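None of the figures in this text is laboratory data; all of them are computed from the coordinates on show. Worth saying up front: this structure is predicted, and the values here are computed from it rather than measured. Cβ: placed from backbone, ideal geometry, glycine included. Neighbour counts: every protein chain shown.
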Amino acid sequence: MGGDSSKLLPALKPFCEKLRSVVENGSEISIITHLDADGITSGSIIGTALARLGAKCSVRTVSDMTPSVIERMKAEDHEFYIITDLGGGMAANFRKALGDRWVVIDHHQIPEEEILTDDAGQVLNAWKYGIDGGIEVPAGGMAYMVASTLDRKNRDLSPVAVVSAVGDRQDQGDKKSFLGLNKEILETAKTLGLVNVDLDIMLTGRETRPLHEALAFTSFPYIDGLTWNRDSCYTILKNAGIKLKDNGRWRVPAEFSQEEKSAILDAVAKFIVTSSKTSATVIDDLIGYVYTLAGEDKRSQLRDAREFSTLLNACGRIGKSGVGIAICMGDRNAMLTAGEEISTEYRTTLRNYVSTIFSEKWRVTDDGKVAFVNGDGLVAEDMLGAVSSLLSGSPTLAGRLVFVRSLSKGGTYKFSSRKGLGCTSPANLGLVMRHCAESVKGTGGGHSAAAGCRIPSAALDPFISCLRSAVNEAKFATAS
Ligand code: C5P
Ligand code: C5P
């Protein structure tokens, strides 16, 4: 993949002209987006850009794009729809339901035939322009490209696009750097002085948590014995002579000197040596580029881009997308009143899910290559993606393709899949999920390393058989 914006730029102009004319006609616009961090950022970037043009628009999230969501859109009958982070392969369905009153901004891989048969330029999907939407740009970056083409002033939204890229774990270059279009957008944010980039220890709560808590909250990488274990984190750091408090106040990770950071890493490495064999990998995973939003207050959850994206994921996954959208659109009161509470609820819920999964052994079927996790009656479906992301970072499931499922009230199963740490399977999970879901009249898709689907509950057995064989088929492997 070429990865840069050169092929995308010519498509942006007519796309933006269309949006501009919709706004000028006074149409009332409904923006529908995915409920994760990338969905919330992309919907909010477009929402902000259109509001600045004087548009009448609202932003709303859904957990996935299904025929029933499209039916609802048809029934609600808004004058125009913008769908972000979803629906890249569903042009025909949108056209049937909505005529030409819609556009899609997306980054999910869709089959070649669908790229070619597209529409009247209504789908702005990264893959159409030689950009790998799995690692080179998320929907937030695509939305940013639209916003900054609509008006250069919208380049002030580039930090939100940086948040979307880390939220979608597209920091896949060396030491968690960015690739392709993400890198271009980051350069803009740096040039405008809005984002600073440093090589550092990547701890969750970099700007907000006492060091030992930040280490305990860090689940990428998952460190057996330390992750979610505040007491053992405190003990190893204290024993290593790290000064955790200053003038009676806990120090946050962003405040430690380089020398102190080396001592912190030594303490973690020593602990891992005694508990598992993956010390070098874990330490390597802990170090990477950190992206700081220079305009946000120190010690705010919005200052570190990863912390910001976790907050947005939390908002979406626990049913408070509106708060995430308000924050991305600049409302700092929403942040102050609800931010901390939402993060706490999200982390507690996730921790309970994962500890139940590992303690109720029947929930995990693992042959060393593929692990199926049964979250029925436990995992709320909007939390599935967060659970599978977390499990895939756990040493217990390292190297596997991880599939997590939950039975929803509507008589469907929702699945979420990820590649576990160090997984070498060439399977493209997005293509596998899409194929197997469609073979049982469900819908699915995603990226090579992260995908999901929804299937009728009666089709569980044939669907699982399909998955077991499709993950070994060359036609569903990633090309590279
Ligand atoms: O819908 P969307 O593309 O935005 O979602 C991708 C999801 O997959 C995100 O939740 C992201 O964290 C996850 N992901 C992952 N590992 C990757 C790439 C993405 O867990 N390598
Ligand atoms: O829900 P989860 O985070 O596991 O989703 C992973 C990826 O799979 C996302 O990019 C999501 O948009 C995609 N997905 C999909 N169709 C579904 C469910 C998820 O394309 N029915």
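DSSP beta bridges in the chain, what fraction antiparallel, as a percent rounded to 5?
Working: 32 of 56 bridges.
Here the antiparallel bridges make up roughly 55 percent for the chain.
Under a straight-distance cross-link criterion of Cα-Cα below 16 Å, which lysines are reachable from residue 243, leaving out those fewer than 8 residues away in the same chain?
261
What FRET efficiency comes out for the pair residue 100/residue 475, r = Cβ-Cβ distance, R0 = 45 Å, nearest 0.05? Each step should come with its number before you reach the end.
Details: r = 34 Å, r/R0 = 0.75.
The value I calculate is 0.85.
In Å and on Cα atoms, what radius of gyration and Dmax does segment 86-188 show?
Values for segment 86-188 (Cα only, Rg and Dmax): 14.2, 45 Å.
Where does each of 373, 432, 252, 137 land when they are ranked from fewest to most other beta-carbon atoms within 10 angstrom?
Working: 373 27, 432 30, 252 20, 137 35.
Lowest count first: 252, 373, 432, 137.
Going by amide H atoms built from the backbone, whose H comes under 5 Å of the H on residue 195, apart from near neighbours?
190, 294
Give the aspartates and glutamates whose C-alpha is closer than 13 Å to that of residue 320, dropping any in the same chain fewer than 8 places away, or say none.
36, 340, 341, 345, 382
Express in whole angstrom the spacing between the alpha-carbon centres of segment 177-196 and segment 289-362.
23 Å
At a 4.7 angstrom Cβ threshold, list every cysteine in the chain that has nobody to pair with, or say none.
16, 57, 233, 315, 328, 423, 453
Sequence gap at least 6, Cα distance under 8 Å: using those rules, report the relative contact order of segment 360-476 to the nearest whole percent.
Working: 249 pairs, mean separation 23.5, N = 117.
It rounds to 20 percent for segment 360-476.
Please go through segment 191-267 and write out the trypsin sites (Lys or Arg not before Pro) that DSSP classes as loop and that have at most 14 other C-beta atoms within 10 Å. All intermediate terms of the calculation are to be shown ahead of the outcome.
Details: sites: 206, 230, 238, 243, 245, 249, 251, 261; in loops: 206, 243, 251.
Listed in order of number, the matching sites are 243.
Ranked highest first by the average count of other Cβ atoms within 10 Å around their residues, in what order do 82-92, 384-394 fall?
Values: 82-92: 25.6, 384-394: 24.0.
Top of the packing list down: 82-92, 384-394.
Could you tell me the calculated FRET efficiency between residue 460 and residue 113, based on Cβ-Cβ distance and R0 = 25 angstrom, to the nearest 0.05? Don't skip to the end; give the middle numbers.
Values: r = 29 Å, r/R0 = 1.15.
Computed FRET efficiency for residue 460 and residue 113 comes out at 0.30.
Using the Karplus equation 6.51 cos²θ - 1.76 cosθ + 1.60 (θ = phi - 60°), what ³J(HN,Hα) coupling, rounded to whole Hz, does each residue of segment 183-193 give in order, writing x for Gly and Pro?
Result, rounded to whole Hz: 5, 4, 5, 4, 4, 4, 4, 5, 4, 7, x.
Relative contact order for the chain using alpha-carbon pairs under 8 Å, separation at least 6, rounded to a whole percent? Display every interim value, and only then the final one.
Details: 925 pairs, mean separation 56.2, N = 480.
Value for the chain: 12 percent.
Could you work out how far the C-alpha centroid of segment 151-168 sits from that of segment 400-462, in angstrom?
29 Å
Taking a cut-off of 13 Å between Cα atoms, list the aspartates and glutamates near residue 74, but don't count ones fewer than 8 places away on the same chain.
The qualifying aspartates and glutamates are 100.
Within segment 360-476, count lysine pairs with alpha carbon atoms under 22 angstrom apart where the residues are 8 or more positions apart or belong to different chains.
Close lysine pairs under the 22 Å cut-off: 10.
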